[in-house]
Amino acid sequence: MQITVRPLALTLETPFKLSYGATTVRENVLVQIDDGTFTGVGEAAVVPYTGETPARVSAYLGDGALAAALGDNALWLEDALDRLPPGESSAARAAVDMALHDLWGQHLGQPLHRLWGLNPARSPRSSFTIAMDDDEASYRDRLRAAAAQYGLIKLKLGGGDWRDDLERVRIARAAVSAPLCVDANGGWSAEDGLAIIPRLAGLGVIFVEQPVARDDVDGWRALRDGLPGERPPLIADESVQGVDSVPPLAGLVDGINIKLAKCGGLRAARRMIALARAYGMRVMLGCMVESSVAVTAAAHLAPLADFADLDGNLLITNDPYRGAQIVDGMLHLPSAPGLGVTPRD
Ligand SMILES: [Mg+2]
């Protein structure tokens, strides 16, 4: 197997202002694995807050130990994944996992979702994310434009005072009739959450993502115990990373947001979905700021999810690939073999 690694700088259409800070360019890494018959492609999303760097990701992908671990039979996907060198970067491992799944699917001549027996029509609508904006008029304009195109709007919150967040949701509610969900990115305390979440429920918010900080187990517990039973589901994002992080959240959160870059790829994501279902949790599929390569990989799992937030490729201006599409708010999966992505040029 021949491995090729190249940098992929993605330009954001709108600078992303989260509770962590603002960014305009993301330095992702593309990997291609060629077995002499087909070429599989994968993408590592380098997310600033995880401490990963393009250099570390590229070092893992370009290491001879990785090439040696892959073996020479693309059909023995599980064997190759079992042998991947551990490496600290889950995004780098996810990129290899995607490329190997792409190769496997191309050899079998079917798209991944079909190989897994999934009905693409069962994919939930994908949300589209609206970043925080202090300019009320431009916030409204972006909301209306997004609502016309996507069926579900996700509002980024958690920028400071929960009362300002509530006001943002009120502005959004007045501006658009589309269903809303919110993501606080861990920006609230448990007290903030207890104050704002019942009010969000009154505004028709259908779920609340990562209200409290990543490691704030007491905060999750306080919300579970203190909020009324009738409330929007609370979905863990930053609090859930890989497969091992799911069992400790059982009974604490209502659902988990699975992202390939966090968990290490499609195989780990499928294990997490199975675990989440065993614990009675909702399943959300998310993404980072990524091109159509990584977003499409995740989209193949969408028929297994309750919620999808697969808009990473829609937030950038220089996507080099074409893959899963959102048409009238509905997710359309590619039907070409493997990931089914094709270069744009
Ligand atoms: Mg999130």
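Spot the failing condition for A268; the list is (1) of a type in the set (G, A, S); (2) open to solvent by 10 Å² or more (accessible area, probe 1.4 Å); (3) touching a Leu at 6+ places or on another chain (Cβ under 7 Å), and only one is missed.
Against the list (1) of a type in the set (G, A, S); (2) open to solvent by 10 Å² or more (accessible area, probe 1.4 Å); (3) touching a Leu at 6+ places or on another chain (Cβ under 7 Å), A268 comes up short only on (3).
Scanning for something under 24 Å from the mean Cα position of the chain (by Cα) and either open to solvent by less than 10 Å² (accessible area, probe 1.4 Å) or under 22 Å from C287 (Cβ atoms) (or both), does region 134-142 turn up at least one residue?
Within region 134-142, one or more residues are under 24 Å from the mean Cα position of the chain (by Cα) and either open to solvent by less than 10 Å² (accessible area, probe 1.4 Å) or under 22 Å from C287 (Cβ atoms) (or both).
What's the number of the condition N119 fails, among (1) over 20 Å from the mean Cα position of the chain (by Cα); (2) assigned by TED's automatic domain parsing to the domain that holds A45; (3) open to solvent by 70 Å² or more (accessible area, probe 1.4 Å)?
For N119, the failing item is (2).
Are any residues in region 103-124 over 15 Å from R270 (Cα atoms) and of a type outside the set (G, A, S), and if so, which ones?
Selection gives L103, W104, Q106, H107, L108, Q110, P111, N119, P120, R122, P124.
Counting only residues that are within 19 Å of D309 (Cα to Cα) and hydrophobic (A, V, I, L, M, F, W, C), how many does region 177-222 have?
Number satisfying all stated conditions: 9.
Test each condition in (1) open to solvent by less than 70 Å² (accessible area, probe 1.4 Å); (2) assigned by TED's automatic domain parsing to the domain that holds S335; (3) of a type in the set (D, E, K, R) for R93 and report the one that comes out false.
The number of the failed condition is (2).
I'm checking my understanding of the structure. Among residues of region 215-236 that are modelled with pLDDT of 95 or more and surrounded by fewer than 17 Cβ atoms within 10 Å (Cβ to Cβ), which one is nearest to the ligand (Cβ to nearest atom)?
Ranking the candidates gives D215 first.
Any residue at all in region 163-176 that is in contact with a strand residue (DSSP E or B) (Cβ under 8 Å, 6 or more places away or on another chain) and of a type in the set (G, A, S)?
yes
Criterion first (touching a Ser or Thr at 6+ places or on another chain (Cβ under 9 Å) and surrounded by 15 or more Cβ atoms within 10 Å (Cβ to Cβ)) does L81 satisfy it?
So L81 does not fit the description; no.
Results for (1) among the aliphatic types (A, V, I, L, M); (2) free of Cβ contacts under 8 Å to residues at least 60 places away in the same chain, shown as yes or no for each residue.
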site: Q241; (1), (2): no, no
site: P247; (1), (2): no, yes
site: G264; (1), (2): no, no
site: L285; (1), (2): yes, yes
site: A298; (1), (2): yes, yes
site: L310; (1), (2): yes, no
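Can you tell me which residues in region 65-78 are open to solvent by 30 Å² or more (accessible area, probe 1.4 Å) and of a type outside the set (S, T, N, Q)?
Answer for region 65-78, where residues must be open to solvent by 30 Å² or more (accessible area, probe 1.4 Å) and of a type outside the set (S, T, N, Q): A65, A67, A68, D72, L75, W76, E78.
Could you list, ordered by first residue, the pairs with Cβ atoms under 9 Å in which the first is in region 173-193 and in contact (Cβ under 8 Å) with a residue 60 or more places away in the chain and within 9 Å of P211 (Cβ to Cβ) and the second is among the aliphatic types (A, V, I, L, M) and more than 15 Å from the ligand (Cβ to nearest atom), at least 6 apart or interchain?
A184/I196
Could you list, in sequence order, the residues of region 237-248 that are more than 13 Å from the ligand (Cβ to nearest atom) and surrounded by 20 or more Cβ atoms within 10 Å (Cβ to Cβ)?
V246 - this is the single residue of region 237-248 that is more than 13 Å from the ligand (Cβ to nearest atom) and surrounded by 20 or more Cβ atoms within 10 Å (Cβ to Cβ).
The values are calculated or read from the model by the stated rules, or taken from the named source; none is laboratory data. All values reported here derive from a predicted model rather than from experimental measurement. Backbone-built Cβ (ideal geometry, glycine too); neighbour counts: all protein chains shown. SASA here: full protein model, heavy atoms, side chains in, ligands and nucleic acids out. Shrake-Rupley method; radii C 1.70, N 1.55, O 1.52, S 1.80 Å.
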